[in-house]
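Single-structure report; data block below.
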Amino acid sequence: MENKNNQKQNNQNHQKGQQKKKSSNTSLIFLGVVVLSYIVLYFIDSVKTIAAINYVIAIILEIIPILLIVYVIMVIFSLLDEKKLKKAIDKAPKLLKYVLMSILGTISHGPIYAWYPFLKDLNEKGLSRGPIGTFLYSRGIKLTLIPMLVSFFDLKFVIILTITTLVFSVFEGFLIDVSYLPKRN
């Protein structure tokens, strides 16, 4: 019985390794197709191809600092201990709970349904629905997409949009808490 379980585990590990190799090969193939396309386009119209390459380099240079900031924030978030985070949120004053949940919602990543058990646990331990709404609202800020947003718009626009979203996430959380206040007769 134990031998069968070990074989099954080895097969699963082998399949995962094959999937990783396949995805890395796909990335290399895509890179090769892009480089080959630029080479072909260079022979068709070298002036436009060089202009396109210069444009791509300018975008990359503009985005690199933002990507570094996003990367640092994501690394810091991955190092946070969930239990200590729950304790900090539980002990925080009301306004600070909104702000903490807004920041947490901003730096959270992955599918939203993965966060539901965490939010449910906080709610069961006494956290009101307002800070949870704040968390969900502030997830509209996607740190990984900020570089692309900056490249399409302007850094000033992105800063204003991000700050506005954070402020209104706190405001929305407050409105949710007010709407759940017990009715007075």
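The values are calculated or read from the model by the stated rules, or taken from the named source; none is laboratory data. Just so we're clear, the structure is a prediction, and the values are computed from it rather than from any experiment. All Cβ positions, even for glycine, are placed from backbone atoms using ideal geometry, and neighbour counts span all protein chains on display.
Identify all residues within segment 124-140 that are more than 16 Å from Leu181 (Cβ to Cβ) and of a type outside the set (A, V, I, L, M, F, W, C); write none if there are none.
Of everything in segment 124-140, those that are more than 16 Å from Leu181 (Cβ to Cβ) and of a type outside the set (A, V, I, L, M, F, W, C) turn out to be Glu124, Lys125, Thr134, Tyr137, Ser138, Arg139, Gly140.
Which count do you get for residues in segment 70-98 that are surrounded by 12 or more Cβ atoms within 10 Å (Cβ to Cβ) and within 23 Å of Leu149 (Cβ to Cβ)?
5
Which residues, counting only those in segment 143-182, are modelled with pLDDT of 90 or more, aliphatic (A, V, I, L, M) and within 15 Å of Ile103 (Cβ to Cβ)?
If the condition is that a residue be modelled with pLDDT of 90 or more, aliphatic (A, V, I, L, M) and within 15 Å of Ile103 (Cβ to Cβ), then Ile163, Leu166, Val167, Val170 are the ones that fit.
What's the total number of residues in segment 60-74 that are at pLDDT below 75 and more than 14 Å from Ser108 (Cβ to Cβ)?
Residues in segment 60-74 being at pLDDT below 75 and more than 14 Å from Ser108 (Cβ to Cβ): 4 in total.
Which condition number does Thr49 fail, the rest of (1) surrounded by 14 or more Cβ atoms within 10 Å (Cβ to Cβ); (2) polar (S, T, N, Q); (3) within 25 Å of Thr144 (Cα to Cα); (4) without any contact (Cβ under 8 Å) to a residue 12 or more places away in the chain being met?
Here Thr49 clears every test but (3).
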